[in-house]
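Engineer: First the structure, then my questions, so here it is.
The values are calculated or read from the model by the stated rules, or taken from the named source; none is laboratory data. Quick caveat, the model's predicted, so the values are computed rather than measured. Neighbour counts run over all protein chains shown; Cβ positions are idealised from the backbone, glycine included. We work out accessible area using only protein heavy atoms, side chains counted, and drop any ligands, DNA or RNA first. Shrake-Rupley method; radii C 1.70, N 1.55, O 1.52, S 1.80 Å.
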Amino acid sequence: QVQLVESGGGSVQPGGSLRLSCVASGSIFSINAMGWYRQAPGKERELVAAITSGGSTNYPDSVTGRFTISRDNAKNTVYLQMNSLKPEDTAVYYCNAHLYSGGGVWGQGTLVSVSS
């Protein structure tokens, strides 16, 4: 079993920054890759950043150059640094663990609100 707990969401003005954290616990060895997703009201959940066990990262065009995913294996934590935030970045952000078995685990989500 893997458990994920996110933190770091909040309200920020356009152009501001936030850093999200996701702490994993339980069967850490079963995790292949980690990712951050977001879901805005009325929209589907979308991937915003992913990082493999080897450290390779992947971002959609919408956040490339603004968001950075990183991991601290010693702390079992994955971070999402978000800079130059825009109102369209407003969403609930979810941490996801992709397991070697093919399954996945989700965190509870943390709200990010970008407005002036």
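Engineer: Before we move on, is Ser53 surrounded by fewer than 19 Cβ atoms within 10 Å (Cβ to Cβ), at negative phi and at pLDDT below 95?
Structural biologist: When the stated conditions are applied, Ser53 passes them.
Each row is one residue, and each column tells you yes or no for (1) touching a helix residue (DSSP H, G or I) at 6+ places or on another chain (Cβ under 7 Å); (2) at pLDDT 95 or above; (3) part of a strand (DSSP E or B); (4) not polar (S, T, N, Q).
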| site | (1), (2), (3), (4) |
| --- | --- |
| Gly15 | no, yes, no, yes |
| Ser21 | no, yes, yes, no |
| Thr68 | no, yes, yes, no |
| Ala74 | no, no, no, yes |
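Engineer: Assess whether Ser30 counts as being at pLDDT below 95, surrounded by 13 or more Cβ atoms within 10 Å (Cβ to Cβ), small (Gly, Ala, Ser) and in contact with a Ser or Thr (Cβ under 9 Å, 6 or more places away or on another chain).
Structural biologist: yes
Engineer: Being within 10 Å of the chain's Cα centre (by Cα) and in contact (Cβ under 8 Å) with a residue 60 or more places away in the chain is true for just one of Asn96, Asn83. Which residue is that?
Structural biologist: Just a single option satisfies the conditions, and that option is Asn96.
This table checks each residue for (1) more than 23 Å from Gln3 (Cβ to Cβ); (2) free of Cβ contacts under 8 Å to residues at least 24 places away in the same chain; (3) out of contact with any Gly (no Cβ under 6 Å at 6 or more places or on another chain).
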{"position": "Gly26", "(1), (2), (3)": "no, no, yes"}
{"position": "Ser30", "(1), (2), (3)": "no, no, yes"}
{"position": "Trp36", "(1), (2), (3)": "no, no, yes"}
{"position": "Ala40", "(1), (2), (3)": "yes, no, yes"}
{"position": "Glu46", "(1), (2), (3)": "yes, yes, yes"}
{"position": "Thr52", "(1), (2), (3)": "no, yes, yes"}
{"position": "Asn58", "(1), (2), (3)": "yes, yes, yes"}
{"position": "Arg66", "(1), (2), (3)": "yes, yes, yes"}
{"position": "Ile69", "(1), (2), (3)": "no, no, yes"}
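Engineer: Quick one: is Gln13 more than 20 Å from Val2 (Cβ to Cβ), open to solvent by 60 Å² or more (accessible area, probe 1.4 Å) and in contact with a Lys or Arg (Cβ under 9 Å, 6 or more places away or on another chain)?
Structural biologist: Here the answer is no, as Gln13 does not meet what is asked.
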